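**Q** Sharing a structure with you now.
The values are calculated or read from the model by the stated rules, or taken from the named source; none is laboratory data. Keep in mind that this is a model prediction, so the values were computed, not measured. Counting neighbours? That spans all protein chains shown, and the Cβs are built from the backbone with ideal geometry, glycine included. Accessible surface is based on the protein model in full, side chains and every heavy atom, while ligands, DNA and RNA are left aside. Shrake-Rupley method; radii C 1.70, N 1.55, O 1.52, S 1.80 Å.
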Amino acid sequence: MGGVGEPGGGPGPREGPAPLGAPLPIFRWEQIRQHDLPGDKWLVIERRVYDISRWAQRHPGGSRLIGHHGAEDATDAFHAFHQDLQYVRKFLKPLLIGELAPEEPSQDGAQNAQLIKDYRALRQAAEDMKLFEADPIFFALLLGHILAMEVLAWLIVYLLGPGWVSSTLAALILAISQAQCWCLQHDLGHASIFTKSQWNHVAQQFVMGQLKGFSAHWWNFRHFQHHAKPNIFHKDPDVTVAPVFLLGESSVEYGKKKRRYLPYNHQHLYFFLIGPPLLTLVNFEVENLAYMLVCMQWTDLLWAASFYSRFFLSYVPFYGATGALFLFVAVRVLESHWFVWITQMNHIPKEIGHEKHRDWASSQLAATCNVEPSLFIDWFSGHLNFQIEHHLFPTMPRHNYRKVAPLVKAFCAKHGLHYEVKPFLTALVDIIGSLKKSGDIWLDAYLHQ
């Protein structure tokens, strides 16, 4: 074989894929690291080098998602996100430009090769145990109980009238239904229910659009980035919340630069005013609508319109337009509290900062923790109390997390990775403690550095 970057005197590294049957160019990591720029992205999958620069904009998960793995070994992310690997590999073929030099390690940087090997063996064991196969009855019952709650809420108002007691009860039931819709559409977004990705997507559009009034594309756009790079600034939208809240390493950075847009040493207090009450009602509603309009997701917009039409046609006859709007706001505020506390109890108290270029398993475990399971907590949180298992295996149906958990614990014990499990109330309190700690760090850096 010829020199690095050359297939025996053939085309250079930027001239596209080698002709069919020709030897592939070989590259070193020092060359690949140079291609992590806007419009110039390479990545490595199974020791093969791909130029995704032009194709990234057509990536179904979005250009940001695949771009976050620029100049990295994306093998485990590739397996984690894709259900039908044989189908997806068809799209990789035209992007292939070479392979790693034989003497190069499969991963760049100081990563534990044995840990990576054991993680892949763990995934293979889960596949052999058929833990990536969904139970259709489980998910049918989930959808059924969501629809039953929607009907029950309307019947309460219809039979009892729009009084305070009946309206409060209806709002609570609708909020629980909306919370469970978040969980079900989350399952569908990860393609963990149906064997065909298209079926998952269509069903997600129904649940997210008709039952919730949001865009499935918008959710996947931001949520997949969270899974690719959890708790990494500017890659995970869930923690890129400055200057409203300071998390992790941003506390020191803002303090040293003397930035004080808000009293961050009190952010654990104003969190109660603008965090849980307003995330879904304000932030998500605005962001979701803007995404649909800017990205011209007209199908999602129609699905969302069908939700609002159904909701107001159902309740305006009892409350009038103003009363129905008030009921809608009440439901959104209640579900927003659920969303913030349940989704952030596993992440906010963990390590948050800039890119560390860890291997897949280590990066997921550094950013996640579990909450002690019970039948109620499993249901109430949509099995997000098994956040470690979910992040390691995003496409695994959630009813199998309990089964894979012992294998994950053994893997973590072998490699000294922290498998953290907390009581439910402790996990909630730790959110506030983490915000206070970050605020105090900011204040100290602001005053003394």
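**Q** Among the residues of segment 133-149, are any surrounded by 16 or more Cβ atoms within 10 Å (Cβ to Cβ), in a helix (DSSP H, G or I) and among the β-branched types (Val, Ile, Thr)?
**A** Within segment 133-149, one or more residues are surrounded by 16 or more Cβ atoms within 10 Å (Cβ to Cβ), in a helix (DSSP H, G or I) and among the β-branched types (Val, Ile, Thr).
**Q** Counting only residues that are of a type in the set (A, V, I, L, M, F, W, C) and surrounded by fewer than 19 Cβ atoms within 10 Å (Cβ to Cβ), which one in segment 229-248 is farthest from Gly67 (Cα to Cα)? Explain how you work it out, then say what you get.
**A** Let us first name the residues in segment 229-248 that are of a type in the set (A, V, I, L, M, F, W, C), namely 232-233, 239, 241-242, 244-247.
The next check asks that each one be surrounded by fewer than 19 Cβ atoms within 10 Å (Cβ to Cβ); those that pass are 241-242, 244.
Numbers: Val241: 21, Ala242: 22, Val244: 26 Å.
So, considering only residues that are of a type in the set (A, V, I, L, M, F, W, C) and surrounded by fewer than 19 Cβ atoms within 10 Å (Cβ to Cβ), the one farthest from Gly67 (Cα to Cα) is Val244.
**Q** If only one of Ile193, Ile176 is assigned to a loop (DSSP other than H, G, I, E, B), of a type in the set (A, V, I, L, M), crowded, with 17+ Cβ neighbours inside 10 Å and in contact with a helix residue (DSSP H, G or I) (Cβ under 7 Å, 6 or more places away or on another chain), which one is it?
**A** Step by step, each of Ile193, Ile176 is checked, and only Ile193 is assigned to a loop (DSSP other than H, G, I, E, B), of a type in the set (A, V, I, L, M), crowded, with 17+ Cβ neighbours inside 10 Å and in contact with a helix residue (DSSP H, G or I) (Cβ under 7 Å, 6 or more places away or on another chain).
**Q** Would you mind stating whether Leu85 is open to solvent by 20 Å² or more (accessible area, probe 1.4 Å), under 26 Å from the mean Cα position of the chain (by Cα), over 21 Å from Gln364 (Cα atoms) and not charged (D, E, K, R)?
**A** Answer is yes for this residue.
**Q** Could I ask something else about it? From the residues in segment 361-380 that are in contact (Cβ under 8 Å) with a residue 40 or more places away in the chain and touching a strand residue (DSSP E or B) at 6+ places or on another chain (Cβ under 9 Å), which one is surrounded by the fewest Cβ atoms within 10 Å (Cβ to Cβ)?
**A** Glu372
**Q** What are the residues in segment 420-436 that are surrounded by fewer than 18 Cβ atoms within 10 Å (Cβ to Cβ) and either without any contact (Cβ under 8 Å) to a residue 40 or more places away in the chain or not in a helix (DSSP H, G or I) (or both), if any?
**A** Correct list: Glu420, Val421, Pro423, Leu425, Thr426, Val429.
**Q** If you don't mind, another one. Taking the stated definitions as given, is Val333 in a helix (DSSP H, G or I), without any contact (Cβ under 8 Å) to a residue 60 or more places away in the chain and more than 20 Å from Tyr401 (Cβ to Cβ)?
**A** yes
**Q** Out of all the residues in segment 345-356, which are surrounded by fewer than 21 Cβ atoms within 10 Å (Cβ to Cβ) and either over 18 Å from the mean Cα position of the chain (by Cα) or over 24 Å from Gln111 (Cβ atoms) (or both)?
**A** Answer for segment 345-356, where residues must be surrounded by fewer than 21 Cβ atoms within 10 Å (Cβ to Cβ) and either over 18 Å from the mean Cα position of the chain (by Cα) or over 24 Å from Gln111 (Cβ atoms) (or both): just Lys356.
**Q** Among the candidates Leu447, Leu417, single out the residue that is at pLDDT 95 or above and either in contact with a helix residue (DSSP H, G or I) (Cβ under 6 Å, 6 or more places away or on another chain) or surrounded by fewer than 23 Cβ atoms within 10 Å (Cβ to Cβ) (or both).
**A** Leu417
**Q** If you don't mind, there's one more thing I want to ask. If I ask for residues that are over 16 Å from Ser177 (Cα atoms) and open to solvent by less than 20 Å² (accessible area, probe 1.4 Å), which ones from segment 324-339 would you list?
**A** Ala324
**Q** Just the residues that are touching a helix residue (DSSP H, G or I) at 6+ places or on another chain (Cβ under 9 Å), open to solvent by 40 Å² or more (accessible area, probe 1.4 Å), farther than 21 Å from Tyr401 by Cα and among the charged types (D, E, K, R), please, taken from segment 92-132.
**A** Asp108 - this is the single residue of segment 92-132 that is touching a helix residue (DSSP H, G or I) at 6+ places or on another chain (Cβ under 9 Å), open to solvent by 40 Å² or more (accessible area, probe 1.4 Å), farther than 21 Å from Tyr401 by Cα and among the charged types (D, E, K, R).
**Q** Let me ask something additional. For the subset of segment 196-228 comprising residues that are charged (D, E, K, R) and not in a helix (DSSP H, G or I), which member is surrounded by the most Cβ atoms within 10 Å (Cβ to Cβ)? Step through it out loud before you land on a result.
**A** Looking only at segment 196-228, we keep the residues that are charged (D, E, K, R), and these are 196, 212, 222.
Within this subset, residues satisfying the condition of being not in a helix (DSSP H, G or I) are 196, 212.
Values: Lys196: 12, Lys212: 24.
My answer is Lys212.
**Q** Sort out which residues of segment 128-171 are of a type in the set (S, T, N, Q) and within 30 Å of Ala80 (Cα to Cα), and write them in order of number.
**A** none
Per-residue answers, yes or no, for (1) at pLDDT 95 or above; (2) open to solvent by 20 Å² or more (accessible area, probe 1.4 Å):
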{"position": "Leu37", "(1), (2)": "no, yes"}
{"position": "Trp42", "(1), (2)": "yes, no"}
{"position": "Val49", "(1), (2)": "yes, no"}
{"position": "Arg54", "(1), (2)": "no, yes"}
{"position": "His59", "(1), (2)": "no, yes"}
{"position": "Ser63", "(1), (2)": "no, yes"}
{"position": "Gly67", "(1), (2)": "no, no"}
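**Q** Enumerate the strands (runs of 3 or more DSSP E) found wholly within segment 39-125, keeping only those where 2 or more residues are among the charged types (D, E, K, R).
**A** Correct list: 40-45, 48-51.
**Q** Give me the pairs: first residue in segment 208-230 and touching a residue at least 24 places away in the same chain (Cβ under 8 Å) and among the hydroxyl-bearing types (Ser, Thr, Tyr), second residue assigned to a helix (DSSP H, G or I) and open to solvent by 10 Å² or more (accessible area, probe 1.4 Å), beta-carbon distance under 7 Å, and six or more apart or on different chains, which are they?
**A** Ser215/Tyr291
**Q** Answer yes or no: is there a residue in segment 309-327 that is in contact (Cβ under 8 Å) with a residue 40 or more places away in the chain and over 25 Å from Phe284 (Cα atoms).
**A** Scanning segment 309-327, I find at least one residue that is in contact (Cβ under 8 Å) with a residue 40 or more places away in the chain and over 25 Å from Phe284 (Cα atoms), so the answer is yes.
**Q** Restricting the search to segment 278-312, which residues are charged (D, E, K, R) and under 20 Å from the mean Cα position of the chain (by Cα)? Give the steps one after another, and end with the answer.
**A** Looking only at segment 278-312, we keep the residues that are charged (D, E, K, R), and these are 285, 287, 300, 310.
Selection gives Glu285, Glu287, Asp300.
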